[in-house]
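*Asks:* There's a structure below that I have some questions on.
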Amino acid sequence: MYSVRASNKFNFPKDKVLEIIREPGHLKKFHPFCLSNEALNWPGEGSSDKLVYLNGVTYIRNFYNWSDNGFDLNIGGSKRKSTVNWIVEGDDKKSSLTVIIHPHLLYKYSITRWFVWNFFAKYMVQSYINHVMKGFTYYINTGYTVHKNQFGEHQWFS
């Protein structure tokens, strides 16, 4: 019920997209709010890494469902837990990447949570994932690392 997604298509093989997102510390290359991204246990099922945002917020990401189509992960602290799906589709010529964020905190239904999600949080999370997808698209198309806040600042992570 509560989720946001960003997706883009690429004129690159599926294997190229998978190679980028499976590299240890991959977020340093394309995430505009990432200060650092250190692999703690890598690669494959059971992987984990540490993500430090520009504002100092730090999360451990725990990966599961590592497959030929991407992976899923859990991220967050006591207030912002989420499941994130990184889904790669395509063939040896074209591909797509879809990232879906499912916030856990909002799974318990209440009218207050509904209002918070529909009038504030959904837009903040959507803005966040749109920036990450812009960063990935920029990186895969140019080969250049994304700069801090390259596509604008974010209230939660800049």
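*Asks:* Restricting attention to segment 13-23, and to residues there that are of a type in the set (A, V, I, L, M, F, W, C) and touching a Gly at 6+ places or on another chain (Cβ under 8 Å), which single residue is farthest from Ser127 (Cα to Cα)?
*Replies:* The qualifying residue farthest from Ser127 (Cα to Cα) is Leu18.
*Asks:* Let me confirm something: among Tyr53, Tyr64, which residue is in contact (Cβ under 8 Å) with a residue 12 or more places away in the chain and touching a Cys at 6+ places or on another chain (Cβ under 8 Å)?
*Replies:* Tyr53
*Asks:* Those residues that are of a type outside the set (Ser, Thr, Tyr), on the phi < 0 side of the Ramachandran plot and out of contact with any Leu (no Cβ under 8 Å at 6 or more places or on another chain), I need them from segment 44-84; list them, please.
*Replies:* Scanning segment 44-84 gives Glu45, Asn55, Val57, Trp66, Asn69, Phe71, Asp72, Leu73, Asn74, Gly77.
*Asks:* Looking at Phe157, Phe120, can you tell me which residue is in contact with a strand residue (DSSP E or B) (Cβ under 6 Å, 6 or more places away or on another chain), at pLDDT below 95 and not aliphatic (A, V, I, L, M)?
*Replies:* Checking each option against the conditions leaves just Phe157.
One line per residue, one yes/no per condition, for (1) out of contact with any helix residue (DSSP H, G or I) (no Cβ under 6 Å at 6 or more places or on another chain); (2) hydrophobic (A, V, I, L, M, F, W, C); (3) crowded, with 18+ Cβ neighbours inside 10 Å:
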position: Asn62; (1), (2), (3): yes, no, no
position: Phe71; (1), (2), (3): yes, yes, yes
position: Val88; (1), (2), (3): no, yes, yes
position: Ile100; (1), (2), (3): yes, yes, no
position: Pro103; (1), (2), (3): yes, no, yes
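*Asks:* Filter segment 23-34 down to the residues that are in contact (Cβ under 8 Å) with a residue 24 or more places away in the chain and either over 21 Å from Asn69 (Cβ atoms) or buried (at least 17 other Cβ atoms within 10 Å of the Cβ) (or both) and list them by number.
*Replies:* Gly25, Leu27, Lys28, Lys29, Phe30, His31, Pro32, Phe33
*Asks:* Sticking with this one: Give segment 57-105 a look and list any residue that's modelled with pLDDT of 95 or more and of a type in the set (Gly, Ala, Ser), or say none.
*Replies:* Those that are modelled with pLDDT of 95 or more and of a type in the set (Gly, Ala, Ser): Ser67, Gly70, Gly90, Ser95, Ser96.
*Asks:* I would also like to ask the following. When Asn41 is evaluated against the numbered criteria (1) of a type outside the set (A, V, I, L, M, F, W, C); (2) surrounded by fewer than 15 Cβ atoms within 10 Å (Cβ to Cβ); (3) under 15 Å from Leu18 (Cα atoms); (4) free of Cβ contacts under 8 Å to residues at least 40 places away in the same chain, which criterion, by number, is the only one it fails?
*Replies:* (3)
The values are calculated or read from the model by the stated rules, or taken from the named source; none is laboratory data. What you are looking at is a predicted structure, and each value in this text was computed from that prediction instead of being measured. Note: ideal-geometry Cβ built from the backbone for every residue, glycine included; neighbour counts use all protein chains shown.
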